[in-house]
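For reference, the structure discussed in these notes is given below.
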Amino acid sequence: MIRENQRRFGFDWVTILIYILLVGFGYLNIISASHTGNITNYLDMSEPYGKQLVFMGLSVVLIILTLSVDAKFYERFASLIYIGAILALLGLFIFGKDVNGARSWYGIGRMTLQPSEFAKFATALAVAKYISDIQTNLKKIKDQLKAAVIIFLPALLILLQNDAGSTIVYTAFFFVFFREGLQQVYLILGFSLVILSVLSLKFGVRITALITVFMLILAYFLRSKKRASISQSLIILLACTLFAFGIKQFYNHILKPHQQNRISLWLRLEKDPVKLELMKKREAYNLIQSEEAISSGGFWGKGFMEGTRTTGKFVPEQHTDYIFSTVGEEWGFLGSASVVILFIFLIIRLLILAERQKSQFSRVYGYGVASILFVHFTINTGMVMGLIPTVGIPLPFFSYGGSGLWGFTILLFIFIKLDSNKINEW
């Protein structure tokens with residue numbers, strides 16, 4: 001009986017410990033990536049490490065407030081929180097401040113606030129609220145469309161503010177949908193469209209069409225039952241060809257030059273060596289320096305604040321999106337692997353806790369948290385190592401920034417609060 005009463009108000013300290021380790025280790029790397037000499041005052045607000053320390057202190061306040069609120073509050077007011085986030089995103093078009101070409105921040109004195117970081121947990125709450133509604137069935141097209149609108153509305157607003165990186169994060173919610181009953185055909189369709197996109201950019205529309213014909217023939221002979229008819233195969237071929245053509249047009253006429261260059265470098269599309277070198281200097285400088293910083297760390301790393309490329313500021317804005325390159329140089333493979341393991345363990349832990357929830361709302365929200373963190377972690381680490389195109393997206397709990405740290409903190413600790421209340425849910 002005593003244990004049950006203790007658990008009634010207990011929090012998952014394993015998750016909290018991982019959070020503390022990630023934030024603390026992230027702060028050490030922010031110090032390395034942003035210091036300009038001997039540090040005499042860690043609260044120097046002219047330096048990123050000084051501001052980040054304040055952000056961390058305010059995060060403690062947010063944690064206390066988040067855990068103090070009744071768990072049922074998040075379910076009852078999920079819709080209002082979501083509407084508030086949408087209004088905050090809409091307000092940027094009128095009152096927003098342009099930073100690096102993106103109108104994604106509110107200027108508050110000498111500081112800025114990025115609503116898109118808070119819209120993630122608001123959207124996760126709204127998705128959990130809608131899916132857990134007794135009348136919602138994700139096997140029905142109309143309910144699928146309604147759920148998609150909840151996701152695409154903030155994603156579209158963020159995209160219109162020229163923040164493509166944050167927009168991509170919203171694809172994380174499709175993992176949640178599959179857990180809650182969405183048909184696998186959507187997953188197959190999604191992967192197929194990604195493959196078609198890469199093929200059309202790399203080899204062109206004609207080669208993509210020929211590959212599609214080959215795959216259709218192969219599928220016909222491999223399947224002994226329910227073979228597609230000739231008319232169905234022709235429709236699939238036509239759809240794939242039109243999609244490939246549309247991707248080429250989108251790439252050539254809609255994407256901005258710097259976005260085209262990043263994709264071109266990733267897929268090695270440019271054949272002219274002179275143009276390729278110019279492109280690397282303009283668009284891939286950060287990536288090249290990041291890769292060299294990581295590789296120079298070796299197994300053990302060069303030591304805290306001893307990274308020559310980090311202290312020499314070879315990687316611009318290294319304390320933000322490229323913070324993982326600091327880990328690679330100063331802490332080596334051992335430190336990098338430790339960070340990866342911590343993130344993987346955190347995500348697996350969240351999935352385990354989500355499966356233990358008694359209410360569907362808490363389970364869906366838990367999967368939303370795990371999926372958002374997974375997409376952020378995968379894209380950021382893949383970006384700094386050149387495995388995927390360069391996308392402006394922070395490493396959760398690690399990268400410099402108040403909005404990012406606060407948004408991820410609230411996102412995580414709402415679920416910790418919901419999990420602590422699961423014994424009271426029936």
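The values are calculated or read from the model by the stated rules, or taken from the named source; none is laboratory data. Everything numeric here is computed off the predicted structure, so don't read it as measured data. Note: ideal-geometry Cβ built from the backbone for every residue, glycine included; neighbour counts use all protein chains shown. To get the accessible areas, we keep the full protein, side chains included, count just its heavy atoms, and leave off ligands, DNA and RNA. Shrake-Rupley method; radii C 1.70, N 1.55, O 1.52, S 1.80 Å.
Taking only the range 134-170 into account, find how many residues are over 23 Å from Trp406 (Cβ atoms) and open to solvent by less than 70 Å² (accessible area, probe 1.4 Å).
In the first step, residues of the range 134-170 are kept if they are over 23 Å from Trp406 (Cβ atoms); the result is 134-149, 152, 156, 160.
Within this subset, residues satisfying the condition of being open to solvent by less than 70 Å² (accessible area, probe 1.4 Å) are 136-138, 143-144, 147-148.
Looking only at that region, the number is 7.
Given (1) among the small types (Gly, Ala, Ser); (2) closer than 21 Å to Ala119 by Cα; (3) under 25 Å from the mean Cα position of the chain (by Cα), where does Ala71 come up short, assuming only one miss?
All conditions pass for Ala71, except number (3).
Looking at Ile254, Ile211, Ile236 in this structure, which one is farther than 30 Å from Ile288 by Cα and free of Cβ contacts under 8 Å to residues at least 24 places away in the same chain? Walk me through how you get there before you give the answer.
On the way: Ile254 fails: farther than 30 Å from Ile288 by Cα; Ile236 fails: free of Cβ contacts under 8 Å to residues at least 24 places away in the same chain.
Going through Ile254, Ile211, Ile236 in turn, just one is farther than 30 Å from Ile288 by Cα and free of Cβ contacts under 8 Å to residues at least 24 places away in the same chain: Ile211.
Restricting to the range 332-353, and then to whatever is touching a residue at least 60 places away in the same chain (Cβ under 8 Å) and among the hydrophobic types (A, V, I, L, M, F, W, C), can you tell me which residue is nearest to Met385 (Cα to Cα)?
This residue is Val339.
Which one is farthest from Ile263 (Cα to Cα), of the residues in the range 221-237 that are open to solvent by less than 100 Å² (accessible area, probe 1.4 Å), in a helix (DSSP H, G or I) and at pLDDT below 85?
Ser231
So the check is Cβ under 7 Å with 6+ separation or different chains; which pairs have a first residue in the range 132-143 that's under 10 Å from Glu180 (Cβ atoms) and a second one that's modelled with pLDDT of 90 or more and among the β-branched types (Val, Ile, Thr)?
Ser132/Val364; Leu138/Ile131
For the range 12-36, which residues satisfy the criterion of being modelled with pLDDT of 90 or more and in a loop (DSSP other than H, G, I, E, B)?
Within the range 12-36, Asp12 is the sole residue that qualifies.
Could you look through the range 199-210, keep only residues that are touching a helix residue (DSSP H, G or I) at 6+ places or on another chain (Cβ under 7 Å) and open to solvent by less than 60 Å² (accessible area, probe 1.4 Å), and pick out the one that is farthest from Gln259 (Cα to Cα)?
It comes out as Ala209.
Considering each of Ile393, Ile388, Ile416 in turn, give the residue that is β-branched (Val, Ile, Thr), open to solvent by less than 10 Å² (accessible area, probe 1.4 Å) and not in a helix (DSSP H, G or I). Outline the logic, then answer.
Working: Ile388 fails: open to solvent by less than 10 Å² (accessible area, probe 1.4 Å); Ile416 fails: not in a helix (DSSP H, G or I).
Only one candidate qualifies: Ile393.
I'm told Ile188 meets every condition in (1) within 21 Å of the chain's Cα centre (by Cα); (2) free of Cβ contacts under 8 Å to residues at least 24 places away in the same chain; (3) surrounded by fewer than 19 Cβ atoms within 10 Å (Cβ to Cβ); (4) under 30 Å from Gln260 (Cα atoms) except one. Can you identify the failing condition by its number?
All conditions are met except number (1).
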